[in-house]
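Following: one structure in C-alpha cells, then a few remarks.
What follows draws every value from the coordinates through simple rules; no lab data is involved. Everything numeric in this text was worked out from a predicted model, so none of it was measured. Cβ sites come from the backbone with ideal geometry, for glycine too, and all protein chains shown count toward neighbours.
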Amino acid sequence: MNNVRFATALHILTLLAIMKDELLSSAFIAGSVNVNAAVIRKEISNLKACGLVESKEGKGGGSFLARPASQIKLSEIYEAVRLVPVLGRANTPNPKCPVGKKVNEHLETLYEETDNYVVRKLSTISLEEFAGKFG
C-alpha cells in the first residue's frame with residue numbers, strides 16, 4: 001500500500017507541477033492516474049494537510065501546488081504517505097526459536113537504516129527535477 005501511495009502522490013504532484021498554470025480537478029487527475037476520483041480526493045486531502053497542495057473549491061476550482069516545485073523534495077512526498085518502513089513490517093516469530101526470539105530486533109535496525117537511506121536519497125531530488133523528465 002505504501003508504494004502505491006507514493007506513486008499516486010508523486011503522479012498527482014507531477015501533474016500539478018507540469019500544469020502549474022491550471023487548477024486541476026480530481027476527476028482530471030484521476031483520469032491520468034487511472035483510479036477513482038475518490039482515491040485522488042483522499043490523497044489530495046492528505047497532501048493538503050502536509051502543506052504540499054492547496055485547493056480552490058466550487059465551480060472552476062481545483063488543486064495546485066502549495067509552493068514551487070523547486071522547493072518540494074521527493075522526501076517530503078514520501079514522508080507524507082509513508083505508513084511503514086520501505087522494507088515492510090516485522091513478523092510474529094516463535095519466541096522459543098533462537099532466531100525467532102531476536103529476529104525482529106535486528107530487522108527493526110535494518111528497516112530503520114534502509115528507510116533513512118531512502119529519505120536521504122529522495123531529499124536530493126526536487127519535484128521540479130522529477131517533473132522535468134516529462135517534457
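A few comments on the model shown:
- Residue check, Phe6 closer than 20 Å to Lys73 by Cα and either touching a Leu at 6+ places or on another chain (Cβ under 8 Å) or assigned to a helix (DSSP H, G or I) (or both): yes
- Some residue of the stretch 36-48 being in a strand (DSSP E or B), over 21 Å from Phe134 (Cα atoms) and either touching a Phe, Trp or Tyr at 6+ places or on another chain (Cβ under 7 Å) or of a type in the set (Asp, Glu) (or both): no
- Search result, residues across the stretch 49-74 that are assigned to a helix (DSSP H, G or I) and either charged (D, E, K, R) or surrounded by 13 or more Cβ atoms within 10 Å (Cβ to Cβ) (or both): Ala69, Leu74
- Residue-level check: of (1) within 24 Å of Ser126 (Cβ to Cβ); (2) in contact with a helix residue (DSSP H, G or I) (Cβ under 8 Å, 6 or more places away or on another chain), Ser26 misses just (1).
- Taken together, the residues in the stretch 17-35 that are touching a Lys or Arg at 6+ places or on another chain (Cβ under 9 Å), over 18 Å from Phe6 (Cβ atoms) and part of a helix (DSSP H, G or I) amount to 1.
- Exactly one residue out of Ser75, Ser55 is closer than 25 Å to Phe134 by Cα and in contact with a Lys or Arg (Cβ under 7 Å, 6 or more places away or on another chain): that is Ser55.
- Residues being over 11 Å from the mean Cα position of the chain (by Cα) and over 26 Å from Ser70 (Cβ atoms) - total across the stretch 2-44: 11
- Candidate set: the stretch 79-110, residues that are under 18 Å from the mean Cα position of the chain (by Cα) and assigned to a helix (DSSP H, G or I); chosen: the one surrounded by the fewest Cβ atoms within 10 Å (Cβ to Cβ): Glu79
- Scan of the stretch 94-109 for residues that are touching a Pro at 6+ places or on another chain (Cβ under 8 Å) and among the polar types (S, T, N, Q), ordered by number: Asn104
- Boolean, Ala49 is more than 17 Å from the chain's Cα centre (by Cα) and of a type in the set (A, V, I, L, M, F, W, C): no
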